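The next block holds one structure in the form of structure tokens; read it before the comments.
The values are calculated or read from the model by the stated rules, or taken from the named source; none is laboratory data. Note that this is a predicted model, so its numbers are computed, not measured. Here the Cβ positions follow ideal geometry from the backbone for every residue, glycine too, while neighbour counts run over all protein chains shown. For the accessible areas, the whole protein counts, side chains as well, though only heavy atoms, and no ligand, DNA or RNA atoms are used. Shrake-Rupley method; radii C 1.70, N 1.55, O 1.52, S 1.80 Å.
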Amino acid sequence: MSEFEFVFVLYSLVLGLSLVELLTGLGRTLEFKLARDAADRAFRIGWLTPLLAVFVILDLLSFWMFAWLVRDVVAADRFTILGVVVFASAYFLASRLVFPSEPENFVDLDTHYHRVHRVVFAMLIVMLAVQWLYVATVPALAGQMTSPLSIGMTALLLALMIGAAVTRNRKAGILLLALLIARYLAIYLV
């Protein structure tokens with residue numbers, strides 16, 4: 001087993017749990033929505049929370065792919081293991097916040113979104129900063145990640161995330177989340 005494989009097992013386990021947490025939240029919310037519809041009781045999912053979930057999934061996948069990029073420079077030492085646990089755990093916590101534990105406490109999920117979106121985006125922004133700090137310390141990666149396109153796409157990501165974090169306007173939030181998702185889809189499809 002290589003050092004990367006040893007570290008990646010832990011990283012992928014926690015990131016996988018993050019993905020499961022998002023899907024579980026979505027499933028719980030849809031199940032509650034169907035029960036409310038059957039009982040003729042109002043419950044609105046809206047656009048903000050599902051779009052945030054899609055964005056967090058795409059962002060999580062980007063960090064999973066980043067792990068592959070760093071596979072040749074990963075060392076299996078206590079600092080790396082600690083960093084992986086902290087980093088992947090932050091993703092789990094962000095994923096955990098996207099959907100409410102008890103959707104029955106809400107009539108409209110936009111209310112939940114406005115309670116948690118700043119914390120979720122703050123966590124994702126901090127993880128992005130940590131990723132770039134890590135890249136800056138590894139010369140082999142710095143050359144790959146500092147192309148004008150990479151820097152531009154990261155700047156766009158950061159600007160859109162900050163915008164989405166600070167806006168309280170529903171339409172602006174939907175637009176910013178759609179742009180964040182479109183940015184990832186453009187990267188994945190190109």
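The set of residues in segment 143-177 that are touching a helix residue (DSSP H, G or I) at 6+ places or on another chain (Cβ under 8 Å), of a type outside the set (D, E, K, R) and farther than 17 Å from Ser62 by Cα comprises Ile162, Gly163, Ala164, Ala165, Val166, Thr167, Ala172, Gly173, Ile174, Leu176. Of the numbered criteria (1) open to solvent by 70 Å² or more (accessible area, probe 1.4 Å); (2) under 19 Å from the mean Cα position of the chain (by Cα); (3) closer than 25 Å to Leu93 by Cα, the one Leu189 fails is (3). Among the residues making up segment 11-45, those that are small (Gly, Ala, Ser) and part of a helix (DSSP H, G or I) are Ser12, Gly16, Ser18, Gly25, Gly27, Ala35, Ala38.
In segment 126-143 there is no residue that is more than 25 Å from Arg71 (Cβ to Cβ), assigned to a helix (DSSP H, G or I) and either open to solvent by less than 30 Å² (accessible area, probe 1.4 Å) or of a type in the set (A, V, I, L, M) (or both).
For segment 148-186, name all the residues that are in contact (Cβ under 8 Å) with a residue 60 or more places away in the chain and open to solvent by 30 Å² or more (accessible area, probe 1.4 Å). Scanning segment 148-186 gives Arg170, Ile174, Ala178, Leu185. Pairs meeting the criteria (first residue in segment 123-138 and without any contact (Cβ under 8 Å) to a residue 40 or more places away in the chain, second residue among the aliphatic types (A, V, I, L, M) and open to solvent by 60 Å² or more (accessible area, probe 1.4 Å), beta carbons under 8 Å, at least 6 apart or on different chains) are Met123/Leu93; Leu128/Leu158. Restricting to segment 3-23, count the residues that are open to solvent by less than 70 Å² (accessible area, probe 1.4 Å) and either free of Cβ contacts under 8 Å to residues at least 24 places away in the same chain or among the aliphatic types (A, V, I, L, M) (or both). Of the residues in that region, 7 qualify. When the residues of segment 72-117 are narrowed to those that are surrounded by 14 or more Cβ atoms within 10 Å (Cβ to Cβ) and of a type in the set (D, E, K, R), which ends up nearest to Leu177 (Cα to Cα)? Taking the candidates together, the pick is Asp110.
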